[in-house]
Each structure stands twice: as C-alpha cells, then as structure tokens.
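Below: one structure, written as structure tokens.
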C-alpha cells in the first residue's frame, strides 16, 4: 500500500470496515483505539440517483490523526444503470505518514489472519488419500 489513492488502500479499508462493523449496522464504533463514524446520504429522483458514504477514522491523543474516506455512487435511467463510482481519502488532521503506518499495520494483521485461515482450511492429503470416481457405468 503506497498511498491513499491506490486500490490496495481501499482493499484494506473495505476489509477493515467489513470486519469491524459486519453488515454496516453501527453508525459509530471503535477498533484498535481508533474511532470510526459512518454516514450515508442518498437521493433518488425520477431520472437518476446518488449515494455518498462518508467514513471518518480518527486516532485520538498525541500524534493523533483523522482521515475522511468518501465513496460516491451515481445511477440513472429507467433501469437504474450504474453511471459512475468515485472514491477518495483525505487526511483531515495529523501526519499522512502516521495514517499510512496504521493502515499498513492493519494490512499485515489481515494478511496473517487470511494466511492462518487458509492453512486451517486446507488439509494436506497425499496421493493415497485421493479416490478417483468414474461416472461412466456400462449397462
């Protein structure tokens, strides 16, 4: 993850959002000492619609920081066809390097969890454990 504009940042952000607030049911919550707030604004008209999701992530205290992440969706026409999707993240307070350091640390935690889950679910079988079934039946 090199910057707040890269897909890798939004991948980590989306994973954190989903794991710390499953189903996005809470408007505010705390994870790892960081305060999260989520707002959703939506408009639907006769010919178009728009939704804006704003998440503010704030680390209080010394060397604290605040980051705003915005996702914007537009759709239009009778079929409500997706027209445009934008996303951006902007530091509001604090040092960008501190924000990136926290998200990189979270990325490492998520990667370790994923690797651990993979190793638990993938069993090791040798060739003698494999049975090949043939569906061709002669009549």
- What number goes with the only condition from (1) assigned to a strand (DSSP E or B); (2) surrounded by 14 or more Cβ atoms within 10 Å (Cβ to Cβ); (3) touching a helix residue (DSSP H, G or I) at 6+ places or on another chain (Cβ under 9 Å) that residue 52 does not pass? (3)
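Evaluate the following for residue 72: is it within 25 Å of residue 104 (Cα to Cα) and surrounded by fewer than 14 Cβ atoms within 10 Å (Cβ to Cβ)?
On the way: within 25 Å of residue 104 (Cα to Cα): yes; surrounded by fewer than 14 Cβ atoms within 10 Å (Cβ to Cβ): no.
So residue 72 fails the test.
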- Being part of a helix (DSSP H, G or I) and more than 22 Å from residue 112 (Cβ to Cβ) is the filter here, so list the residues in region 16-37 that pass it. 23, 24
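Taken together, the values in this text are just the output of simple stated rules run on the coordinates, not laboratory data. Quick caveat: nothing in here was measured; it's all calculated off a predicted structure. Here Cβ is always computed from backbone atoms with ideal geometry, including for glycine, and neighbour counts include all displayed protein chains.
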